[in-house]
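Trainee: Sharing a structure below in structure tokens format, with a few things to ask.
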Amino acid sequence: MNKGMHPLLMIALVAAVTLCGRVLPTWTLSLATIAAANALISLGIVVLARTGNVSFGQGLFYAGGGYCVALIANAWGLTDAVAQVIIGAICGGLLGLVIGPLIARYSGIFFGMLTLALSMVFYGALVKSTALGGSDGFNVGRPTLFGMSFADPREADFMLYAVAVVTTGIAGIAATILFRSEFGLASLAVRENNLRVEYLGLSANRIISINFVIAAIFAGASGAFALMAQRHIDPQFAYWTTSGEFVFVAVLAGNQSVAAVFVASMALELVRSFSNLYLPNTWQLVLGLFLLAVILFLPRGIGSLWVRSKRGTAKPGVATEREALP
Amino acid sequence: MNRRLRMAVLASAAALAVAIAAPAFAQETFKLGIVTFLSGPAADSFGVPARNGGQFVIDQLNKGAAPSPYEKVGFGGMKIEPVIIDENGGATKQVQELRNLYQRDNVDAVLGYIGSGDCLAVAPIAEELKKFLILMDCGTPRIFEESKYNYVFRTAAHATMDNVGLIRYMKAKNVKMETLSAINQDYAWGQDSRTDFVAAAGQLYPNAKLATDLLPKFGAGQYGTEISALVSAGSDVVYSSLWGGDLQSFILQASPRGLPKRSQLVFSAADHVLPPLGDKMPDGTIIGARGAYGLMSKKSPLNDWLFKGYEAANGVYPVQAAYRMTQAILGLKAAVEKAMAKNGGKKPSTDELVAAMTGLEWPSPGGLIQMKLADGHQAIQPIAFGRTKYNPDAKRVDLVDIEYFDAECVNPPAGVKSLDWIKGGMQGAKCK
């Protein structure tokens, strides 16, 4: 095993980023919250992608988690941020448990299309449910933390930022440990050759299902964050362009580094926001050029800026193992 | 990737971060965030006309060229500095961009939003940040019926009057409606419009039967099967709240199959498709414009100023969205100047602005706007309907048989939910 960053060091990094929020300008806090939430779901896609399958329908779990949290919040007045994240994660995970084993039998493009189809079915059902506000969605109240409510907008933003960064950080650390574990390496093996994995006595379906559930849990928690940050939910959460954006963050980040997912997500939000401000008529073009530039000049993702490849000197097997390290 | 390129990328990222950190100061100007669709399906129909209207009005106000009572330069002498943002991209993005406008760009107020979902999503955020927000268009009555806001205002009437007014017009013109068919998009605007229209029809046409009730998906573009169903139903009236490209496609596909001859077409919000459709628009269609707007607007110095000025600047006459943007900006101007008259000519604080805007009334090109609902936060306004008639000399669709309805005739009174008001027989409506 190659030497990667020590988990304790990563915890210190997460703490530093969280404290950084005290000095950041207010507007970056909510932007970073959204970026962290998007990073969380994209991290799930990276986890799943290690088995060789890409889900184009993570919006399903994102919306599932979000609606679950929103309905519970409105019905029982549960506003605690941490509880909401856990509820979102559980709802996403439960949906993943139902769908994962069914879909794990497919691979490649069939897998991608099925996930996409399921998320669009969910979208269609949501648009038709006028009790849930139909396509306009509905609002929820402000989140609290351990019984404290935050009247000052900056404090409220910082609270959400801190919870999002810590949660996403923990997920990142967990993912790193997972990638280095036996199970994580077996997932990579499924991508390379699932028949051989089966000959070794492991069930490829089971490995894919478990990774799928992990991705769904991340997506559900991410949906909870998006809901808390914007206090509003609508069926757009489950729409395919939403799912596509998460896949794009994953592509942008590359699979060399977990930290790259966060950087890519933040970069995408910043480029989008500033292009929208300065070039309101052509912001999509700027966004497209940015994505194109990353693909052209950093074909292995933003992560390749600081993770130097040893592909030239090492054996291919070692290189794939390195992919997981931050 | 080589080291030098890598350094260059990192360095430019750092430079960007520094550029971001530089603060912006607003001095004796009024910085106004404007949010409208510049891309996506609603851009051509609503977003771009709204932006053009906004640009025209702001230019005129900054020059002090607007007619009475808006002769003062800008807002009470302060030049207006607009920051225009695209509304496309969903509610998540809008919430983020609204925060950026207030917290990063330090705008004094934000004005805009056409999509109902966007309005619902941004209103609580402005309230929480205690910042001034004007919703200029969006249809849904839910915004103030489900919540209470102090810092949020809507300067245009909600969608209830579009359908109540339409039914009142049909009754006034003795349009026969024993059977009724409807085609609406399957999303909130279409579903809500259909509900309002059917409920209002139930009051004024209690014997009308709903024959075919279709909800194709938003942006369908192809209506072959729907038109077959409507033609074979052959009902007296076909109602639709379709708009933009969907409405154009529907009309272009329905006309050759004889639907306009078989049934009376009534469209709740269709004035914006008249310029692009031209002679393809069947004569005799009953249309609304969500207000007394465009070709249905009443003559006044204020209306002439907007209509002629906009037409000269953009080569096409203004339709509903341009009017709604204009009335929002003029309302904000009236509120700023009222607040300044009270505080001795200083730039008003957000709270002073809120106090001035609450319950305000001001003249606009589309008639008098009154902030009468939701404790003075939701406007009501008059509305007009008419029938299309193509004018080959002017090469444009004219509107004839125009009828005006007072604001209090087609809008619910304060404190009553719109749908309850319609279903309860529209009690308290003051019609001439």
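The values are calculated or read from the model by the stated rules, or taken from the named source; none is laboratory data. Note that the structure is a prediction, hence the values are computed from the model and not measured. We place every Cβ from the backbone using ideal geometry, glycine too, and count neighbours over all the protein chains shown.
Trainee: Can you tell which of A:Ser149, A:Ser187, A:Ser181 is in contact with a Ser or Thr (Cβ under 9 Å, 6 or more places away or on another chain), away from chain B (no Cβ under 14 Å) and not aliphatic (A, V, I, L, M)? Please lay out each step first, then the result.
Mentor: Numbers: A:Ser149 fails: away from chain B (no Cβ under 14 Å); A:Ser181 fails: in contact with a Ser or Thr (Cβ under 9 Å, 6 or more places away or on another chain).
Residue meeting the stated conditions: A:Ser187.
One line per residue, one yes/no per condition, for (1) touching a residue at least 12 places away in the same chain (Cβ under 8 Å); (2) over 23 Å from A:Thr33 (Cα atoms); (3) in contact with a Ser or Thr (Cβ under 6 Å, 6 or more places away or on another chain):
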{"position": "A:Val46", "(1), (2), (3)": "yes, no, no"}
{"position": "A:Arg50", "(1), (2), (3)": "yes, yes, yes"}
{"position": "A:Gln58", "(1), (2), (3)": "yes, no, yes"}
{"position": "A:Ala63", "(1), (2), (3)": "yes, no, no"}
{"position": "A:Val69", "(1), (2), (3)": "yes, no, no"}
{"position": "A:Leu102", "(1), (2), (3)": "no, yes, no"}
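Trainee: Taking B:Lys389 and the conditions (1) at pLDDT 90 or above; (2) of a type outside the set (A, V, I, L, M, F, W, C); (3) under 29 Å from B:Thr140 (Cβ atoms), which numbered condition does it fall short on, given that it satisfies the others?
Mentor: (3)
Trainee: Among the residues of the range B:30-79 satisfying the criterion of being crowded, with 21+ Cβ neighbours inside 10 Å and polar (S, T, N, Q), which is farthest from the other protein chains (Cβ to nearest Cβ)?
Mentor: So, considering only residues that are crowded, with 21+ Cβ neighbours inside 10 Å and polar (S, T, N, Q), the one farthest from the other protein chains (Cβ to nearest Cβ) is B:Ser45.
Trainee: Mind counting the residues in the range B:332-357 that are within 22 Å of B:Glu128 (Cα to Cα) and in contact (Cβ under 8 Å) with a residue 60 or more places away in the chain? Full working, then the answer.
Mentor: The first filter runs over the range B:332-357 and keeps only residues within 22 Å of B:Glu128 (Cα to Cα), leaving B:332, B:335-336, B:348-357.
Now restrict to residues that are in contact (Cβ under 8 Å) with a residue 60 or more places away in the chain: B:332, B:336, B:350, B:353-354, B:357.
Total satisfying the criteria: 6.
Trainee: Test of understanding: among A:Ala117, A:Ala63, which residue is out of contact with any Pro (no Cβ under 8 Å at 6 or more places or on another chain) and either assigned to a loop (DSSP other than H, G, I, E, B) or among the small types (Gly, Ala, Ser) (or both)?
Mentor: Details: A:Ala63 fails: out of contact with any Pro (no Cβ under 8 Å at 6 or more places or on another chain).
One residue alone meets the criteria, A:Ala117.
Trainee: Do we have B:Asp420 as under 29 Å from B:Ala123 (Cα atoms) and assigned to a loop (DSSP other than H, G, I, E, B) here? It would help to see each step written out before you state the result.
Mentor: Values: under 29 Å from B:Ala123 (Cα atoms): yes; assigned to a loop (DSSP other than H, G, I, E, B): no.
No, not satisfied.
Trainee: Pick from A:Thr168, A:Thr144: which is touching a strand residue (DSSP E or B) at 6+ places or on another chain (Cβ under 7 Å) and among the polar types (S, T, N, Q)?
Mentor: Working: A:Thr168 fails: touching a strand residue (DSSP E or B) at 6+ places or on another chain (Cβ under 7 Å).
Exactly one residue qualifies, and that residue is A:Thr144.
Trainee: Now, a different point. Please report, ordered by residue number, the helices (runs of 4 or more DSSP H) entirely within the range A:139-244 with at least 2 residues that are buried (at least 23 other Cβ atoms within 10 Å of the Cβ).
Mentor: Working: elements: A:153-180, A:182-192, A:194-199, A:204-230.
In the range A:139-244, the matching helices (runs of 4 or more DSSP H) lie at A:153-180, A:182-192, A:204-230.
Trainee: Another one. One residue is enough: does the range A:216-231 have a residue meeting the conditions of a type outside the set (A, V, I, L, M) and away from chain B (no Cβ under 14 Å)?
Mentor: Of all residues in the range A:216-231, those of a type outside the set (A, V, I, L, M) come to A:218, A:220, A:222-223, A:225, A:230-231.
Filter once more, keeping what is away from chain B (no Cβ under 14 Å): A:218, A:220.
Yes, some residue in the range A:216-231 is of a type outside the set (A, V, I, L, M) and away from chain B (no Cβ under 14 Å).
Trainee: Of all the residues that make up the range B:88-122, how many are closer than 23 Å to A:Gly223 by Cα, more than 7 Å from chain A (Cβ to nearest Cβ) and in contact with a helix residue (DSSP H, G or I) (Cβ under 6 Å, 6 or more places away or on another chain)? Give the steps one after another, and end with the answer.
Mentor: So in the range B:88-122, the residues closer than 23 Å to A:Gly223 by Cα come out as B:88-100, B:115-122.
Still in the list and also more than 7 Å from chain A (Cβ to nearest Cβ): B:88-89, B:93-94, B:98, B:115, B:118-119, B:122.
Checking the rest, the ones that are also in contact with a helix residue (DSSP H, G or I) (Cβ under 6 Å, 6 or more places away or on another chain) come to B:94, B:98, B:118-119, B:122.
Matching residues across the range B:88-122 total 5.
Trainee: Also, quick follow-up: Specify which of the listed residues (A:Ala164, A:Ala171, A:Ala81) is within 14 Å of another protein chain (Cβ to nearest Cβ), in contact (Cβ under 8 Å) with a residue 24 or more places away in the chain and under 21 Å from the mean Cα position of the chain (by Cα). Even if it seems obvious, please write down each step before you answer.
Mentor: Values: A:Ala171 fails: within 14 Å of another protein chain (Cβ to nearest Cβ); A:Ala81 fails: within 14 Å of another protein chain (Cβ to nearest Cβ).
Criteria check complete, one pass: A:Ala164.
Trainee: Name the one entry in A:Ala36, A:Ala32 that is buried (at least 22 other Cβ atoms within 10 Å of the Cβ), within 14 Å of chain B (Cβ to nearest Cβ), touching a Ser or Thr at 6+ places or on another chain (Cβ under 6 Å) and closer than 15 Å to A:Leu160 by Cα.
Mentor: Working: A:Ala32 fails: touching a Ser or Thr at 6+ places or on another chain (Cβ under 6 Å).
Criteria check complete, one pass: A:Ala36.
Trainee: Okay, moving on. Of the conditions (1) outside any strand (DSSP E or B); (2) crowded, with 17+ Cβ neighbours inside 10 Å; (3) within 20 Å of the chain's Cα centre (by Cα), B:Glu408 clears all except one; give me its number.
Mentor: Among (1) outside any strand (DSSP E or B); (2) crowded, with 17+ Cβ neighbours inside 10 Å; (3) within 20 Å of the chain's Cα centre (by Cα), the lone unmet condition for B:Glu408 is (2).
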